[in-house]
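The structure under discussion appears below in the form of structure tokens.
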Amino acid sequence: MSKIIVVGGNHAGTAAVNTILENYPGNEVVVIEANTNTSFLGCGMAMWIGNQTVGAPESLFYSSPEKLGAAGAKVLVCTEVTDIDFENKTVTYAPSERATADSPGASGTESYDKLILSTGSLPIIPNLPGKDLENVQQVKLYQDAQVVIDKLDANPDLKHITVVGAGYIGVELAEAFKRHGKEVAMVDIAPTCLAGYYDAEFSALMADNMKEHGIDCKFGQGVEAILGDTKVTGIRTSEEEFATDMVILAIGFRPNNALGKDRLELFRNGAYLVNKNQQTSDPDVFAVGDCATVYDNAIKDTNYIALATNAVRSGIVAAHNACGTPLESAGVQGSNGICIFGFKLVSTGITLAKAEKFGIEALATDFEDYQKPGFIEENEKVKIRIVYEKSSRRILGMQCASTYDMSSLNHMFSLAIQEGITIDKLKLLDIFFLPHFNQPYNYITMAALGAE
Ligand SMILES: Cc1cc2nc3c(=O)[nH]c(=O)nc-3n(C[C@H](O)[C@H](O)[C@H](O)COP(=O)(O)OP(=O)(O)OC[C@H]3O[C@@H](n4cnc5c(N)ncnc54)[C@H](O)[C@@H]3O)c2cc1C
């Protein structure tokens with residue numbers, strides 16, 4: 001029987017705790033969480049802001065401190081771990097800034113046999129003039145979204161909103177504010193949106209979709225200052241100055257390594273460097289989720305990819321290892337998807353542009369067709385790109401765009417990348433056909449057959 005302390009109780013921490021409690025009932029588990037809650041689906045935040053959710057905000061939580069407690073964990077919320085003594089294997093904690101009279105948090109020191117760090121990530125706040133003005137917001141926590149929603153409800157004069165950063169969070173938020181009836185501008189220094197996940201041919205389709213829905217896309221512009229005396233009144237970019245009433249900073253996240261940065265080995269961006277067992281450079285300390293690295297099967301190397309799905313799986317892996325069952329992560333492909341005003345993009349693995357960045361010589365094969373045969377009335381076009389390594393011909397990535405829900409395709413390509421399948425293996429793969437779903441000459445086969 002071991003005592004395991006889990007620091008941080010969101011996706012990664014909750015997955016670790018549940019795995020330990022379900023599979024290793026003899027262990028003592030302590031979860032320490034600085035916030036008031038656990039397991040918040042931040043992924044639903046934009047939909048909450050955009051009035052697209054049922055029963056929010058409660059429905060955005062899939063567990064709770066009470067549920068974890070009932071399952072057998074000791075749960076301390078509104079409590080922040082302030083120090084870890086890695087030599088003597090103790091953690092020290094104190095009430096966090098979220099502590100209230102009703103939920104006062106706790107202070108003390110506890111010893112551990114194994115420690116799981118699931119402290120997540122923090123929004124990157126650029127050091128811009130005006131960044132501390134009223135109505136400059138960030139969106140990471142449940143409370144952040146609540147503040148934005150309260151402000152929108154209380155101030156109808158907040159008419160124009162600028163989202164800085166056109167990654168997947170920025171793009172989702174731009175849609176949310178538009179659905180809220182606001183005028184929306186989106187600024188990014190990159191020449192397009194979603195540049196990290198899609199090649200230009202695909203991100204351009206999303207940019208067109210955003211523009212068609214009235215979002216003012218200001219790409220290729222760096223923000224230089226947020227303007228105003230006390231409140232935001234405008235924004236200045238490298239290209240122009242314009243009036244705006246609220247600025248949302250969504251330029252990315254950095255791993256929250258505050259507790260172990262001076263003691264544990266770090267990746268180049270500061271994430272805890274872990275092996276496939278989620279073990280850090282201290283064998284009794286595991287790191288999971290957004291604060292840790294992943295093994296990226298597309299580039300066959302360590303990488304940093306912050307996603308809730310990676311967080312959950314890494315929490316499961318760490319839990320088994322912490323309880324004495326050796327289990328290796330299968331690695332990840334960064335599989336992701338996005339749906340904006342009904343237009344969908346999914347991708348897994350790396351793009352052609354990223355392959356070049358990583359020094360991998362790669363080729364791409366594209367195909368576009370209707371999802372179903374011509375005689376089917378409701379039919380939508382689908383565009384696919386498969387990226388593969390020139391020398392080995394192994395599949396490195398896939399991108400797909402459509403108004404049709406083709407998202408389950410992503411899973412197959414994710415597995416193909418994980419297992420090192422070549423583009424040639426895909427050419428004659430048995431892909432079923434039924435007119436309700438697809439075509440006998442379907443776009444997967446056709447793209448593969450078209451590979452050089
Ligand atoms: C708006 C938005 C949309 C997103 N959409 C998606 C999506 O659609 N799909 C997807 O896969 N991912 C999405 N993500 C990313 C996903 O939310 C993160 O990858 C995920 O939250 C990581 O989980 P985590 O548990 O590792 O870290 P976090 O969620 O960052 O949680 C870390 C926890 O640790 C606690 N903590 C930190 N330090 C301490 C301390 N010293 N003491 C005690 N507690 C501490 C924090 O309070 C926090 O609760 C989205 C993120 C955002 C912000």
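Could you check residue 92 against (1) more than 11 Å from the ligand (Cβ to nearest atom); (2) surrounded by 13 or more Cβ atoms within 10 Å (Cβ to Cβ); (3) touching a residue at least 12 places away in the same chain (Cβ under 8 Å) and say which number it fails?
(1)
Is it the case that some residue within the stretch 97-108 is under 26 Å from the mean Cα position of the chain (by Cα) and within 14 Å of the ligand (Cβ to nearest atom)? Working first, answer last.
Initial filter on the stretch 97-108 (under 26 Å from the mean Cα position of the chain (by Cα)): 97-98.
When the remaining residues are screened for being within 14 Å of the ligand (Cβ to nearest atom), the result is 97-98.
Yes, the stretch 97-108 contains at least one residue that is under 26 Å from the mean Cα position of the chain (by Cα) and within 14 Å of the ligand (Cβ to nearest atom).
Cβ-Cβ under 6 Å, sequence separation 6+ or interchain: first residue in the stretch 302-326 and assigned to a helix (DSSP H, G or I), partner crowded, with 24+ Cβ neighbours inside 10 Å and among the polar types (S, T, N, Q). Which pairs?
Matching pairs, first to second residue: 314/278; 317/278; 318/278.
Being surrounded by fewer than 20 Cβ atoms within 10 Å (Cβ to Cβ), modelled with pLDDT of 95 or more and in contact with a His (Cβ under 8 Å, 6 or more places away or on another chain): is that true of residue 363 here? Break it down stepwise before answering.
Values: surrounded by fewer than 20 Cβ atoms within 10 Å (Cβ to Cβ): yes; modelled with pLDDT of 95 or more: yes; in contact with a His (Cβ under 8 Å, 6 or more places away or on another chain): no.
Taking the combined requirement at face value, the residue does not satisfy it.
Residues being at pLDDT 95 or above, within 7 Å of the ligand (Cβ to nearest atom) and among the aliphatic types (A, V, I, L, M): count how many of those fall in the stretch 1-50.
Residues meeting the conditions: 4.
Could you name every one of the strands (runs of 3 or more DSSP E) located completely within the stretch 73-177 that has at least 3 residues being of a type in the set (A, V, I, L, M) and farther than 18 Å from residue 3 by Cα? Break it down stepwise before answering.
Working: elements: 74-76, 79-85, 90-95, 108-111, 114-117, 121-123, 136-138, 160-164.
Ranges flagged: 160-164.
For residues that are in contact with a helix residue (DSSP H, G or I) (Cβ under 7 Å, 6 or more places away or on another chain) and small (Gly, Ala, Ser), tally how many sit in the stretch 366-388.
Count: 0.
Which pairs turn up if I take residues in the stretch 180-207 that are more than 22 Å from residue 355 (Cα to Cα) and look for partners that are in a helix (DSSP H, G or I) and among the aromatic types (Phe, Trp, Tyr) with beta carbon separation below 6 Å, at least 6 apart in sequence or on another chain?
Between residues of the stretch 180-207 that are more than 22 Å from residue 355 (Cα to Cα) and residues that are in a helix (DSSP H, G or I) and among the aromatic types (Phe, Trp, Tyr), the close pairs are 184/177.
Can you confirm whether residue 163 is away from the ligand (no atom under 14 Å from the Cβ), of a type in the set (Val, Ile, Thr) and buried (at least 18 other Cβ atoms within 10 Å of the Cβ)?
On the way: away from the ligand (no atom under 14 Å from the Cβ): no; of a type in the set (Val, Ile, Thr): yes; buried (at least 18 other Cβ atoms within 10 Å of the Cβ): yes.
So residue 163 fails the test.
Of the conditions (1) within 14 Å of the ligand (Cβ to nearest atom); (2) in contact (Cβ under 8 Å) with a residue 60 or more places away in the chain; (3) surrounded by fewer than 16 Cβ atoms within 10 Å (Cβ to Cβ), residue 62 satisfies every one except a single condition; which number is it?
Here residue 62 clears every test but (2).
The values are calculated or read from the model by the stated rules, or taken from the named source; none is laboratory data. Keep in mind that what you see is a predicted model, and the values were worked out from it rather than measured. As a convention, Cβ positions derive from the backbone with ideal geometry for all residues, glycine included, and neighbour counts pool all protein chains shown.
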